[in-house]
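Below you'll find the structure, written out as structure tokens, and then a few comments.
Bear in mind these aren't lab numbers, they're just calculated from the coordinates by the rules spelled out. Everything numeric here is computed off the predicted structure, so don't read it as measured data. All Cβ positions, glycine included, derive from the backbone under ideal geometry; neighbour counts span all protein chains shown.
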Amino acid sequence: MFIPLEGKSAVSIRRVVALVRYGNETAICLRDGSLLSTGFRPETLAKRYNAFAKEARENARPFLAHTGGRTK
């Protein structure tokens, strides 16, 4: 799954090691040692992730119902 960031960018949740709030920014620490910066608070990122995941589940329901729950 992905965490939506500003604009059309997103980061895979599997790449994220930590979210660190510093002043008016949140540093997103990635597994490869790199950092992303966002103005969103960690709580807002969690809400955005949950909303994105909910939408993905809802969009998958018709497909899964049609295939009997099988993806292949």
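For region 1-18, filtering for residues that are surrounded by 13 or more Cβ atoms within 10 Å (Cβ to Cβ) and assigned to a loop (DSSP other than H, G, I, E, B) leaves 1.
One residue stands out in region 25-65 among those that are more than 13 Å from Ile13 (Cα to Cα) and basic (Lys, Arg): the one that is farthest from the chain's Cα centre (by Cα), namely Arg61. Could you say which residue among Arg48, Arg21 is surrounded by 12 or more Cβ atoms within 10 Å (Cβ to Cβ) and not in a helix (DSSP H, G or I)? On inspection, the qualifying residue turns out to be Arg21. Restricting Phe40, Phe63 to those that are in a loop (DSSP other than H, G, I, E, B), surrounded by 10 or more Cβ atoms within 10 Å (Cβ to Cβ) and without any contact (Cβ under 8 Å) to a residue 40 or more places away in the chain reduces the list to Phe40.
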